[in-house]
1. Once the piece of chain linking Asp432 and Tyr15 is laid out straight, how much longer is it, given 0.36 nm per residue of separation minus the C-alpha distance between them?
2. What's the magnitude of the charge dipole for the range 432-484 around its Cα centre, counting Lys and Arg as +1 and Asp and Glu as -1 at the beta-carbon? Answer in Debye, nearest 20.
3. Which distance in nm do the two modelled labels at Glu456 and Asn423 give, with both placed 7 Å along the Cα-to-Cβ direction?
4. Can you pull the one-decimal nm distance between simple spin-label points at Arg7 and Ser220, each 7 Å off the Cα toward Cβ?
5. By the gyration tensor of its Cα atoms, with a ≥ b ≥ c the square roots of the eigenvalues, what is the shape of the range 169-264: rounded for a/c under 1.5, prolate for a/b over b/c, or oblate?
6. With a 10 Å radius around each residue's Cβ, average the other Cβ atoms per peptide and rank 244-250, 221-227, 463-469, highest first.
7. Using a Förster distance of 22 Å, how high is the FRET efficiency between His335 and Ala274, based on the Cβ-Cβ distance and rounded to 0.05?
8. How many nm separate the modelled label positions at Val133 and Ala79, each set 7 Å beyond the Cα in the direction of the Cβ?
Amino acid sequence: MKLEARRLVDRLWNYCNVLRDDGVSSLEYLEQLSFLVFLKMAAEIEEADKDLPEDRRRRILPDPEDAPDPEKQHVRGWADLLDLTSTALEEGYTQLLTDLGKQDKGQNTTLGLIFHRARNRLQNPANLRRLIVDLIDKERWLGASKDIKGDAYEALIARSAEDTKAGAGQYFTPRVLIESIVRCMRPAPEDIITDPACGTGGFLLAAHDYIVREHGKDMSTEESARFDEGAIWGTELVPATARLAAMNLLLHKIGRPDGKPLVHVEDALAKPPAKRASLVLANPPFGKKSSIVITNVDGSVSREDTSYHRKDFWETTTNKQFNFVQHIANLLTDHGRAAVVLPDNVLFEGGRGTSIRRELLKRYNLHTMLRLPAGIFYAGGVKANVLFFDAATPRRSDDEPPRTQQLWVYDLRTGNRFTLKQNPLLPGHLEDFERRVFGVGECEDTAEAIARRKPEGRLQVFDGAALAATKDVNLDIGLIEPDDRDAAGAKSLTELTLALSADLHGALLELEQLAADLDVKLSPPA
């Protein structure tokens with residue numbers, strides 16, 4: 001991250017610490033920051049257009065005459081907020097959020113998505129004014145420095161994920177892993193790209209950045225505009241998270257404030273895809289069971305386990321992970337490709353899981369699997385993998401061999417232990433995987449890289465037909481023996497302590513998950 005972006009992050013995050021005294025959480029602070037930055041961006045757009053003919057000026061915020069109560073004096077936008085102080089500022093800001101939230105209930109624009117059901121969480125007028133005047137107004141948010149403002153905003157999301165863990169940490173994927181996956185997938189200007197569980201938009205941003213970096217000089221205006229008009233989009237179930245994703249995309253110059261939202265707020269699993277993609281990148285939320293969120297009459301929230309009865313699914317199950325596998329497979333266009341982060345249970349869980357794995361091997365080309373080490377996600381103790389698969393020509397009969405001819409497995413797990421702070425996952429840890437498995441920096445495309453692969457060390461290969469023919473279709477494979485690992489050698493006492501701590505924490509999380517599945521309440525020891 002550039003020094004200017006780091007300074008901006010530090011300034012904004014330090015103010016988040018101040019607001020904690022007012023009872024504002026880091027996620028609530030990010031939400032309020034999104035509202036205010038959007039208002040500042042709208043003011044910058046209107047300022048830039050002021051010399052244009054009136055019919056060419058962009059108006060991002062609605063006219064005051066369009067307000068729900070035109071007889072009442074309404075705050076118009078950023079300039080009005082700058083003029084207010086004390087109680088008038090708090091009341092004006094609250095009223096402005098209410099007005100904007102009512103303008104586009106269908107969330108048909110980015111503005112409507114960001115302000116849908118928006119609420120003021122900043123009850124201290126002095127702190128609100130300082131945030132507006134001293135922090136946000138002094139920055140230009142819609143300039144050429146998208147690498148500054150966009151990177152700063154994304155870094156704030158990362159800090160919030162680390163700060164809350166059980167909140168943002170559930171949907172935050174490490175940037176190092178995202179960028180490595182994107183380099184392996186090689187998105188191109190002609191791609192249609194989606195993430196059906198997009199969280200704050202990390203995969204979408206990385207894919208777009210890759211395309212601009214690798215192909216930007218050769219792209220036409222029409223090719224660039226495709227990504228503002230829906231050639232890249234995400235789906236997110238949680239409205240507050242979708243708000244952050246929409247703001248994240250805007251600050252990286254993807255989409256338009258007054259255009260169609262590129263983040264859809266809905267349950268991606270609820271129905272078959274209305275639109276397909278040539279590239280799917282995803283890290284579906286951890287947790288085994290699919291559920292719907294129910295808001296009760298008293299305002300409390302409960303969850304109800306659900307199965308998705310979809311004709312395009314191979315099996316009906318309440319397992320969220322398997323539902324996402326089936327959904328992503330059906331999202332792909334002909335010869336489309338996918339990279340999906342999934343926990344270990346997807347590789348070996350029985351019942352319908354066995355059938356889903358078999359169908360994946362038969363219908364799609366599951367050509368690569370990366371076994372990830374523990375300690376890289378904020379949800380501690382998680383053991384996950386990246387599955388890379390392509391859509392293939394449909395099989396004409398069951399007698400035809402599976403479309404997965406060979407499954408290559410790279411073991412990054414054995415002998416490697418990471419922590420979020422003391423020993424984080426770095427780009428160098430993934431260089432060998434990228435080069436040997438996907439030919440990053442050496443080959444032009446994935447097909448060429450696969451043809452050059454050689455099983456050696458951490459990289460092994462398995463016969464797809466043999467795997468599909470086994471009774472349990474167990475894909476929990478490819479972990480090398482400790483004596484063969486590349487990272488052999490005596491471990492220090494610190495490394496052993498960290499490893500034991502990670503194992504214990506992981507076991508505790510698994511016990512808590514089991515208790516939750518059995519509806520058993522765990523009590524602390526007396």
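1. Numbers: separation 417, 0.36 × 417 = 150.12 nm, distance 4.04 nm.
That pair, Asp432 and Tyr15, stretches by 146.1 nm at full extension.
2. Numbers: 7 positive and 13 negative charges, 28 e Å.
It works out to roughly 140 debye.
3. It is 2.7 nm.
4. The modelled label-to-label distance comes out at 4.2 nm.
5. Details: a/c = 2.09, a/b = 1.22, b/c = 1.72.
Because a/c hits 1.5 or more and a/b fails to exceed b/c, the range 169-264 counts as oblate.
6. Working: 244-250: 27.3, 221-227: 13.9, 463-469: 15.4.
Listed from highest to lowest mean packing, they are 244-250, 463-469, 221-227.
7. Values: r = 20 Å, r/R0 = 0.91.
Efficiency computed from Cβ-Cβ geometry: 0.65.
8. Placing both labels 7 Å along Cα→Cβ, they lie 1.9 nm apart.
The numbers here are math on the coordinates, done by the rules we state, and not lab data. Values in this document were obtained by computation on a predicted structure and should not be read as measured data. In this analysis, Cβ positions are derived from the backbone assuming ideal geometry, glycine residues included, and neighbour counts consider all displayed protein chains.
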